Amino acid sequence: MNREKLPKLAESVIRKLASEQSFERGQDYYHGGSVGEALRQGMMLRAECAGSDYEPYSVSVTLAKDGIAETSCTCPYDWGGICKHVVALLLTYVHKPQAFRIIPPLDAMLAGRSKEDLIALIGEMIKRDPELLTVAELSVATGEAGQGKAIDVMTYRRQARRALQHDNPRAIEKDLCALRDAVASLAKSSDWLNAGAIYHALLDEVVRGYSDLLHEIDEDGDIAILADGFAQGLGQCLKKGKTDKQTRKAWLGALLEAELIDIELGGIDLAPSARGAILEHADEEDWIWIEQRVRVAIQKSRGWAREALVELLAERQKV
């Protein structure tokens with residue numbers, strides 16, 4: 001892509017995207033030469049930026065005709081606006097466009113390569129970064145579902161369990177987001193049974209793993225928000241998919257467990273959409289076993305938790 005077709009940015013645009021402190025720190029990083037390995041691939045800018053960690057942060061910006069479409073950085077910044085590392089990358093683009101090594105789009109780079117060459121290339125990439133094996137596994141599982149086969153749910157369960165083993169909530173969130181994005185493609189294609197099977201597995205694993213310890217490190221509630229997305233997705237699949245009784249009970253059971261764990265933890269908004277999905281989609285037959293489960297929980301609960309469980313049964317009467 002020619003330089004003339006790229007958007008022309010000014011520092012004023014970057015200032016509007018960042019807080020005053022982030023912009024000033026980003027300027028320091030830019031002038032200090034912290035941005036390295038800068039490259040441009042079509043409308044995508046990538047670079048590494050030195051920061052407080054031993055390893056540099058990976059920074060990327062997707063340009064649009066009228067400015068900036070998306071930004072990303074592996075740093076933990078989440079306090080409004082773009083981080084200082086993204087600021088430094090954008091300032092490099094504005095003032096030193098020649099610093100970017102230009103490479104062709106991926107499809108152009110790989111055009112004409114044989115299947116054997118591509119397999120060997122993927123193998124070499126996985127050897128250098130073993131975490132990419134996860135991407136390959138999910139791609140294969142999702143691809144088979146697209147061919148009308150039942151999806152390998154255990155692939156998703158294993159990846160969710162692996163994600164929850166991280167000590168860093170950002171790493172957990174990153175891995176769970178990758179799983180979320182993979183299942184979203186199935187829902188988008190109206191493959192409700194396979195999508196529901198995965199949402200069920202992901203919600204189940206996250207709720208099981210959301211112990212007091214994980215709750216403590218999830219200070220911003222980002223993991224709980226992802227769990228809520230899984231609950232929303234599962235509710236949508238219950239609404240639009242044609243499930244057998246066993247599958248229906250398993251999906252509703254996962255939603256109920258999310259609600260019960262949330263109440264047990266004190267009402268922290270762990271997958272709050274689960275409650276609404278149960279009330280909307282559970283029929284009279286479903287409520288026989290759901291009510292039994294809730295009443296057992298009531299007997300074991302005290303104070304606010306007991307009141308919340310009683311309220312759940314009361315809400316059922318209003319539906």
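Worth a mention:
- Linear extension gain, LYS65 paired with ALA108, 0.36 nm per residue minus alpha-carbon span: 13.4 nm
- Rg of the Cα atoms in the chain, relative to 2.2 N^0.38 Å, amounts to 1.19.
- Cα point-scatterer Debye curve for the stretch 3-105, base-10 log of I(q)/I(0) at q = 0.12, 0.21 Å⁻¹: -0.33, -1.08
- For the stretch 37-66, the list of trypsin sites (Lys or Arg not before Pro) that fall in a loop by DSSP and count at most 16 other C-beta atoms within 10 angstrom reads LYS65.
- 0 to 90° range, to nearest 10: angle between helix 153-164 axis and the chain longest Cα axis: 70 degrees
- Between the C-alpha center of the stretch 195-226 and that of the stretch 36-114 there is a gap of 30 Å.
- Value of Rg to Rh for the stretch 146-318, rounded to two decimals, is 0.97; Kirkwood radius and Rg both from alpha-carbon coordinates.
- With the cut-off at under 11 Å, measuring from each backbone N in the stretch 204-225 to a point 7 Å along the Cα-to-Cβ line of ASP269 picks out 220-222, 224-225.
- Helix 20-31 vs. the chain, principal-axis angle (Cα, 0 to 90°, nearest 10): 40 degrees
- Rounded to 5, percent antiparallel among DSSP beta bridges of the stretch 3-105: 90 percent
- The calculated FRET efficiency for the pair LYS96 and LEU118, based on their C-beta separation and a Förster distance of 25 Å, comes to about 0.15.
- Put a dot 7 Å past the Cα of GLU55, heading toward its Cβ, do the same for SER139, and the two dots end up 2.0 nm apart.
Each reported figure results from applying straightforward, stated rules to the coordinates on display, with no laboratory input. Only a predicted model underlies this, so the values are computations on that prediction, with no experimental measurement involved. Cβ coordinates were reconstructed from backbone atoms using ideal geometry, including for glycine residues, and neighbour counts include every protein chain displayed.
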